[in-house]
1. Which percent of the Cα-Cα distances in segment 53-191 go past 27 Å?
2. Based only on other Cβ atoms within 10 Å, what is the fewest-to-most ordering of Met454, Met308, Met296?
3. When every alpha-carbon pair in segment 1-125 is counted, what percent end up more than 17 Å apart?
4. Determine, at each q value in 0.06, 0.08, 0.10, 0.11 (inverse angstroms), the log₁₀ of I(q)/I(0) that the Debye formula gives when each Cα of the chain is one equal point scatterer.
5. Hey, with R₀ at 56 Å, roughly what FRET efficiency would Ser188 and Asp502 work out to, going by the Cβ-Cβ distance, to 0.05?
6. Going by how many other beta carbons lie within 10 Å of each one, how would you line up Thr307, Thr255, Thr348, fewest first?
7. Around Asp355, with a cut-off of 15 angstrom between Cβ atoms, what is the net charge of the other residues, counting Lys and Arg +1 and Asp and Glu -1?
8. Strictly greater than 14 Å: what percent of every Cα pair in segment 4-63 meets that?
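None of the figures in this text is laboratory data; all of them are computed from the coordinates on show. Just so it is clear, the structure is predicted and the values come from calculations on it, not from any experiment. Every residue, glycine as well, gets a Cβ built from its backbone with ideal geometry; the counts of neighbours run over all protein chains shown.
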Amino acid sequence: MTLFNSVISWFIRKRIHQIELFMKYPHEVQEEWFESLLHTARDTEWGLKYDYRSINTFEEYRRRVPISDYNDMKPYIDRLRKGENNILWPTEVKWFAKSSGTTSDKSKFIPVTTEALEECHMKGGKDLLSIYCNNNPDSLIFSGKVLGMGGSFKSDNEFADTYHGDVSAILMENLPFWVQLIRTPDMSVALMDEWEEKLYRMAMITKEEDVTNITGVPSWTLVLLNKILEITGAKNISEVWPNLELFIHGGVSFTPYREQFKKICPPKMQYLETYNASEGFFGIQDRPDGDDMLLMLDYGIFYEFMTMSEIENENPLTIPLWRVEPGINYAMVISTNAGLWRYLIGDTVMFTSTDPYRIKITGRTRCFINAFGEELIIDNAEKALATACEKTGAIVTEYTAAPIFLKNNEKAAHEWVIEFESPPENLDYFGEVLDNALKSLNSDYEAKRYHNLMLLLPVLRQVKKGTFYEWFRDKGKLGGQHKVPRLSNDRKYVEEILAIGDKNK
């Protein structure tokens, strides 16, 4: 495997020259992709609707084509899933990446064209290895196996030869042959639907392999690593995989998990963050000592950015890459070779550098909890609370919720701090109804709650009437437009409000 490692490392590092080119000429690369995308899609239904043939400048494009979100694109995507073609992009669309829902749907189905698969997602996977090998020329990463923590995919049985599933599963199904040679476990296990059985079988199979690198979402990867330690009786994963050197992660913030990984992983372990979403592959951590990511500019994506002050405007103003400034929170808008046009993906980023362009993910454009990949949005919370109140006769005055992070071998959960006007007779039953309603509204939350594997039942904390009012008063935010932060991805507000609640007991 040493020769294989040397050959693949040499081959993979050849891409560095192209990466350096778009770092040096970012604006030219983005302008080329802008022209290419519009030219390719000019005779699609969408391209004809907005007369792409006559658009020559970004300003014209911005004036003529509206900002879209999933609800705007859904009627077109539904037709694609039924087998229609040449609607948003000229080539056939076979794959759809299933993602967390919107305000009106439990799940989103993002088209993944052949071009997006090869020129964006796959290219991003090769580039992260290229960057890592370039930064670590003595790496033996290809001398062992890569462990991939993926999801699953299914056929749209009622539709025409189309498939949907986690983007990780779609990528696994389409990996090049040389990656298939070095990945573990085999596809029959990696793409299993039944998570508990899949977790056990992955642990039993991979503990016998020489794993040198892992890729996956931190929360689920941690569950697998702890399962392997439990089965083997090892105290550190290096006792199982002595050559483990890299964890490639993304999807949720790594901050809550960093210390837990350090506790059970070898000291030499390196961590590389990626920004890979269902809609595209956007960023790679290119510096080992940095906490930001290089924005990848030649993946068939044209970027626009919107300041948060524009987010609620009917016709929000966006700017191209060459007008962004460091230190400003921007919502990201993309046009892609998957047929997403001026699509607001819901993520917010901040540039740490414009030479080259590097970013940090700062959050979402709306309130959310996404500590474990559940992507719980405020609409889910409001509807679930309404269901719980209806079934128990309760009336909620104020509430806020935040994650309880994984600690040692304890499970995670969501903690809800609720002030009732009329409390339910049984708070535990209220919590069960709330949980079931959330599962029915959000497929990602439902997956994380499956058999208590990642998330336990929500933890409900009832506080006395007036607690939230006192919190507002302490913060100097009584009256006006000040609102309770309903969902947070950290525990700042929950801890502050619980502290006031404890004081008032």
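1. It works out to 35 percent of all Cα pairs.
2. Ordered by Cβ neighbours within 10 Å, fewest first: Met308, Met454, Met296.
3. Numbers: 5392 of 7750 pairs.
The answer is 70 percent, as a whole percent.
4. The calculated log intensity ratios at q = 0.06, 0.08, 0.10, 0.11 Å⁻¹ are -0.30, -0.53, -0.85, -1.03.
5. Numbers: r = 52 Å, r/R0 = 0.92.
Efficiency computed from Cβ-Cβ geometry: 0.60.
6. Thr255, Thr307, Thr348
7. Its environment carries a net charge of -1.
8. 67
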